[in-house]
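First up is the structure itself, then whatever we jot down about it.
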Amino acid sequence: MQFADLQKLYARYREETEEALLRAAASGRYIGGEEVEAFARELGEWMGVRHVVPVANGTDALQVALMAAGLRRGDEVIVPSFTYVASAEAVALLGLVPVFADVDERTFCLTRRTAEAALTPRTRALLPVHLFGRAAPMEELRALAREEGLFVIEDNAQAVGAIYLSKSAGTFSEKCSTFPEKCQHFPAEAPHEVKTGTESPLSCTSFFPTKNLACLGDGGAITTDDDALAGRALRIARHGQAARYRHECLGCNSRLDALQAAVLRVRLRHLDEMLRRRRAAALRYGAELAGLPGICLPEGPSEAPGHTYNQYTLRVDGGAARRDALASYLRERGVPTMVYYPLPLHRQPAYERYAPQHLLPVSERLCGEVLSLPVHPELAGEEQDCVIRALREWRG
Ligand SMILES: *Cc1c(COP(=O)(O)O)cnc(C)c1O
């Protein structure tokens, strides 16, 4: 059993993928062109967002978004400490200040309360991460951003396709003119389902091979409903170029190539099905592992219906030694696991200088408790059986 079976995923869509790859290879258009434009259009339609700006990877997406937001050296950006390093790296690289905030132990995400504890007069932006494929509580975070005049950039790298209930009528009515077919079912003010990465001024995602929507290498995108921000992000990612050889702002070179776009177009057509399979595996784990002593399961699909389970991450009582003992026991039983993440970012050598004065107790504790089980869309029923049996027979 593999933790993420990329060969099996490739094999499932092999014919379509190879056809698309060969078409792109023969086209002579490798940078930009029809494949990239078509992918951006199709992803925007699938997500329900006006603009998709394809870039080279998810980390670049964050960097370009932070640049497009017009943040200045020294501005503070609130970032959860319990996340992948890229979320804070892009902030620090630009000379902005990542201010680490704690997360909620149930959702693993930034909340209004944990973000408020990190506010200072220099705070300019919130950078919530939809960790493990679960939407952060965007309603309350957006309310905080509104009250404090903060910019919001979502890190949607792990959660393409995740859904949450939104009440923001403003962007919603605007969205209705773009996607009337999505909007006819509810009145404008009622809470309605939206996908992560579609309502904030800027959002970032990654097509790294293990993400929900994955290519055969590196890839990423910025999503936004804002025409001006989309234009700025695109210009920044193309050397700040406004017209050919006219460079109006400082930029970089960050592009999704045509071969990856061709593969992503194929996979996008199957994304709903892939997400369904992730949810089905999570549902089964939830049902069959419930009540195991000393193990706390993540929210199931009934508790968090929009969760995409990019990871299925449990918490093991008793600290890192017991968690690590479970991981090695599972390895002996043929079940690979991963620890996402073993150290909070404010304890990483490169980021200690940004460690806050106050403690981030939940982030600290989670790093000693979390263990992610295999949950990819190709996980066979027998493999799930094996995971379930092994966990049930653990006598740690
Ligand atoms: C994967 C990931 C990124 C970065 O994506 P890359 O494409 O690998 O650069 C950023 N943030 C989070 C939370 C991620 O999981």
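The values are calculated or read from the model by the stated rules, or taken from the named source; none is laboratory data. Because the structure is predicted, anything quoted here is derived from the model rather than measured. Cβ sites come from the backbone with ideal geometry, for glycine too, and all protein chains shown count toward neighbours. Areas reflect the complete protein model, heavy atoms only, side chains present, ligands, DNA and RNA absent. Shrake-Rupley method; radii C 1.70, N 1.55, O 1.52, S 1.80 Å.
Just a few scattered comments:
- Some residue of the stretch 45-52 being among the basic types (Lys, Arg) and not in a helix (DSSP H, G or I): yes
- Residues of the stretch 220-229 satisfying the condition of being among the aliphatic types (A, V, I, L, M), open to solvent by 10 Å² or more (accessible area, probe 1.4 Å) and touching a residue at least 12 places away in the same chain (Cβ under 8 Å): Leu229
- Of all residues in the stretch 331-363, those satisfying the criterion of being more than 22 Å from the chain's Cα centre (by Cα), farther than 23 Å from Arg395 by Cα and surrounded by fewer than 15 Cβ atoms within 10 Å (Cβ to Cβ) are Pro349, Ala350, Glu352, Arg353, Pro356, Gln357, His358, Leu359, Pro361.
- Among the residues of the stretch 339-396, those that are touching a Pro at 6+ places or on another chain (Cβ under 8 Å), in a helix (DSSP H, G or I) and either among the charged types (D, E, K, R) or under 23 Å from Lys8 (Cα atoms) (or both) comprise Glu364, Glu383, Val387.
- Residue list for the stretch 147-156, restricted to those being within 16 Å of the ligand (Cβ to nearest atom) and surrounded by fewer than 23 Cβ atoms within 10 Å (Cβ to Cβ): Val152
- Of the numbered criteria (1) under 16 Å from the mean Cα position of the chain (by Cα); (2) surrounded by 24 or more Cβ atoms within 10 Å (Cβ to Cβ), the one Glu89 fails is (2).
- Output for the stretch 284-294, where each listed residue is in contact (Cβ under 8 Å) with a residue 24 or more places away in the chain and touching a Gly at 6+ places or on another chain (Cβ under 9 Å): Arg284, Tyr285, Gly294
- Matching residues, the stretch 202-217, being closer than 14 Å to Gln63 by Cβ and within 10 Å of the ligand (Cβ to nearest atom): Cys204, Thr205, Ser206
- Complete set of residues in the stretch 207-219 that are within 11 Å of the chain's Cα centre (by Cα) and open to solvent by less than 10 Å² (accessible area, probe 1.4 Å): Phe207, Asn212, Leu213
- If you check Leu234, Leu259, Leu268 for being open to solvent by 10 Å² or more (accessible area, probe 1.4 Å) and under 19 Å from Leu66 (Cβ atoms), only one passes: Leu234.
Residue-by-condition table, conditions (1) outside any loop (DSSP other than H, G, I, E, B); (2) more than 16 Å from the ligand (Cβ to nearest atom); (3) without any contact (Cβ under 8 Å) to a residue 24 or more places away in the chain:
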{"position": "Thr107", "(1), (2), (3)": "no, no, no"}
{"position": "Arg113", "(1), (2), (3)": "yes, yes, yes"}
{"position": "Thr120", "(1), (2), (3)": "no, yes, no"}
{"position": "Ala135", "(1), (2), (3)": "no, no, no"}
{"position": "Ala145", "(1), (2), (3)": "yes, yes, yes"}
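- So Ala61, is it more than 16 Å from the ligand (Cβ to nearest atom) and in contact (Cβ under 8 Å) with a residue 60 or more places away in the chain: no
- When the test is whether a residue is aromatic (Phe, Trp, Tyr), open to solvent by 20 Å² or more (accessible area, probe 1.4 Å) and part of a helix (DSSP H, G or I), Tyr84 does not pass it.
- Only one entry of Ser328, Ser302 meets the criterion of being open to solvent by 30 Å² or more (accessible area, probe 1.4 Å) and closer than 30 Å to Pro191 by Cα, and that entry is Ser302.
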